[in-house]
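Enquirer: Here it is: the structure, laid out below.
The values are calculated or read from the model by the stated rules, or taken from the named source; none is laboratory data. What you are looking at is a predicted structure, and each value in this text was computed from that prediction instead of being measured. Here Cβ is always computed from backbone atoms with ideal geometry, including for glycine, and neighbour counts include all displayed protein chains. Just the protein is used for accessible areas: all its heavy atoms, side chains included, with ligands, DNA and RNA removed. Shrake-Rupley method; radii C 1.70, N 1.55, O 1.52, S 1.80 Å.
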Amino acid sequence: MSAQVSKIFVARLLGLDVFDPLGDRLGRLRDVVVVSRGPQKAPACVGVVVEVPGKRRVFVPMTRIQSMESTQIICSGLVNMRRFQQRGQEMLVVAEIFDRTVTFVDASGRGLIEDVGLTQTRRGDWEINEYYVQRIEATNTLLGLRNRRRNKVLVSWEDVRHGAQSEPQSADNFVATHDEMKAADFADALHEMTGKRRLEVAAHLQDDRLADVLQELPDREQVEILSALSLERAADVLEEMDPDDAADLLAEVSEDTKHQLLELMNEEEAEDVRRLLAYPEGTAGSVMTPVPVILTPESSVAEALASVRMEELSPALASTVYVVRPPLETPTGRYLGQVHIQALLRAAPPEPLGDILDKELEPMSDLSSITDVVRHLATYNLTSVGVVNNEGRLVGAITVDDVLDHILPDDWRSAD
C-alpha cells in the first residue's frame, strides 16, 4: 500500500469520504480499529469502520487502504459489505480509546486521551505512534487544598500506560465528536459498543438527546440503558420520548418499575402513556401517537399550516390535520375528517378547514389489528390515518413509522 502521508490523527479522519480507485464514493469513515500487541510494541491499526449507504457500518482492512489523507481516503479492491462486528482484542479508537484515562510512565500524573496519531512504518503497516492527552495534574495550594490544573500534551505511545478496560471512562470527546449525528446513526454507533461503553456514553447525553437515541435502539438495549439510570432521570428521559415509544419501552420493564416511573413522570405525559398501555398488544391503540395535529372545522388553512410547521413533528405526522369538534385534547369531540397537507397548500389561507375536509377516508378503530392498519395505509397510499374509539372520538393517529417497527423482524436494526 502506498500512502500520500506517513502520519495522521484520527480526529481528522472522522466523517471523511471513502472512495474506490475509480472515484466512486463508498461511504464515510466513522472509526478506526486497532489491536494491542503488548507493552513492547505500538498498537497496530488493522482497519477502518466505514458507514456505507443504508447506514450500515462495514470493516475495511488497512491492506485495502490505498491512500489516507486529511481530506479523503481511497481504498482498493472489493470490500466485504457484511455489517462490522468487533472481534477478539480489537478496539475502536473513537468509541473506546478517546476519553480513556492513562498514567504517565514518568509518574507525573494522569490524563485523558483526546486524539490518536497514526504513523505508517517502512513496511507499509499503520500503528499508533502518539497520543494527544489532556494532562490532569494535582497541585498543592497555599491553603493546603488540592486543585486540578490541566494542559494538553502530545506524547509517544511509550510514555503512557492504559488503565484496565473495566475502569470508568469519560464520554466527553465521543459525544462532542458525534454531536451533529442523527439520532438513528448515533444509535447505530452505540449498538456496536460494548455494554459498559454503551452505558457510559448514554449516561453522558442530555435527556432529550438520549430520548431520541433510545427510540432508535433495539428493545434489549433500551431496557439496559434505562435500567442503568436513576429512577428520577429515567422518568425525565421517558417524558422526552414520543408517548408511543415510551409506552413500548415501559412494556418491557417489570410492573413495579413501570408504576414507579409513571408516578415520577409529569402527570400529563404519564396519562398519554397510560392510555396506550391500557390497549391490548397488537392493536391500533397500542401503537398510535396520541398527540397528532388536531383543529376544529372553523380553523383556517393558515392556522393549519402554522401547526404542521412545528419542528418536533415528524414528516409523516405533519402530513395530515385531523378535524374534530371540541375538545381538541384526545379523546376529542366527534371526529369529522382529515385534511392533507397538499390540500392545505392548494387552498386560500383564510379558508376554513370544514370547506376542504376529506370525509371519504374512514378512520381506524382503536381496537383494529396492526395488520388491518397496514393494509389500510397501503390501500389508500397514506402516510397516516386517524384512530377513533367506539364513540367516534379521535384518540390518536397512526403513521407509517409507527407500524414499521411492528412489522419488521425483531432484529432488523442489526440485520446484515
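Enquirer: Just give me the residues in the stretch 26-40 being open to solvent by 10 Å² or more (accessible area, probe 1.4 Å), in contact (Cβ under 8 Å) with a residue 24 or more places away in the chain and closer than 17 Å to Arg123 by Cβ, in sequence order.
Expert: Matches in the stretch 26-40: Val35 only.
Enquirer: Also, quick follow-up: If Pro218 satisfies every condition in (1) under 27 Å from Gly285 (Cβ atoms); (2) over 14 Å from the mean Cα position of the chain (by Cα); (3) open to solvent by 10 Å² or more (accessible area, probe 1.4 Å); (4) not acidic (Asp, Glu) but one, which is the exception?
Expert: Status for Pro218: all satisfied but (2).
Enquirer: Condition first: closer than 9 Å to Pro243 by Cβ and under 23 Å from the mean Cα position of the chain (by Cα). Now tell me which residues in the stretch 260-287 satisfy that.
Expert: Within the stretch 260-287, Glu269, Val273 qualify.
Enquirer: Of all residues in the stretch 109-127, how many are closer than 17 Å to Ile65 by Cβ and assigned to a strand (DSSP E or B)?
Expert: Total satisfying the criteria: 7.
Enquirer: List every residue pair whose Cβ atoms lie under 9 Å apart, where the two residues are 6 or more positions apart in sequence or sit on different chains, the first residue falls within the stretch 249-274 and is at negative phi, and the second residue, located anywhere, is open to solvent by 80 Å² or more (accessible area, probe 1.4 Å) and of a type in the set (Ser, Thr, Tyr).
Expert: Once the first residue is at negative phi and sits in the stretch 249-274, its partners that are open to solvent by 80 Å² or more (accessible area, probe 1.4 Å) and of a type in the set (Ser, Thr, Tyr) give Val253/Ser227; Thr257/Ser227.
Enquirer: Checking Lys182 against (1) within 22 Å of Asp402 (Cα to Cα); (2) buried (at least 16 other Cβ atoms within 10 Å of the Cβ); (3) at pLDDT below 95, only one condition comes out false. Which one?
Expert: All conditions are met except number (2).
Enquirer: Just give me the residues in the stretch 366-389 being open to solvent by 50 Å² or more (accessible area, probe 1.4 Å) and closer than 16 Å to Ser286 by Cβ, in sequence order.
Expert: Residues satisfying the conditions are Leu367, Thr371, Asp372.
Enquirer: Of everything in the stretch 214-233, what is farther than 14 Å from Gly195 by Cβ, part of a helix (DSSP H, G or I) and modelled with pLDDT under 95? Give them in sequence order.
Expert: Passing the criteria: only Asp219.
Enquirer: Pick from the stretch 324-347 the residues that are part of a loop (DSSP other than H, G, I, E, B) and open to solvent by less than 50 Å² (accessible area, probe 1.4 Å): which of them is farthest from Met288 (Cα to Cα)?
Expert: In this case the residue turns out to be Ala347.
Enquirer: Here is a further query. What tally of residues in the stretch 20-44 results from selecting those that are more than 19 Å from Asp115 (Cβ to Cβ) and part of a loop (DSSP other than H, G, I, E, B)?
Expert: Adding up the residues that qualify gives 10.
Enquirer: Continuing with the same structure: Take the stretch 109-123 and flag every residue that is touching a residue at least 12 places away in the same chain (Cβ under 8 Å), open to solvent by 10 Å² or more (accessible area, probe 1.4 Å) and over 13 Å from Asn173 (Cα atoms).
Expert: Passing the criteria: Gly109, Arg110, Thr119, Gln120.
Enquirer: If you don't mind, there's one more thing I want to ask. Give the residue that is nearest to the chain's Cα centre (by Cα), with candidates limited to residues of the stretch 234-257 that are surrounded by fewer than 17 Cβ atoms within 10 Å (Cβ to Cβ) and assigned to a helix (DSSP H, G or I).
Expert: If we take residues in the stretch 234-257 being surrounded by fewer than 17 Cβ atoms within 10 Å (Cβ to Cβ) and assigned to a helix (DSSP H, G or I), then Thr257 is nearest to the chain's Cα centre (by Cα).
Enquirer: Could you check how many residues of the stretch 157-177 are under 14 Å from Ile97 (Cβ atoms), outside any helix (DSSP H, G or I) and open to solvent by 60 Å² or more (accessible area, probe 1.4 Å)?
Expert: Residues in the stretch 157-177 being under 14 Å from Ile97 (Cβ atoms), outside any helix (DSSP H, G or I) and open to solvent by 60 Å² or more (accessible area, probe 1.4 Å): 4 in total.
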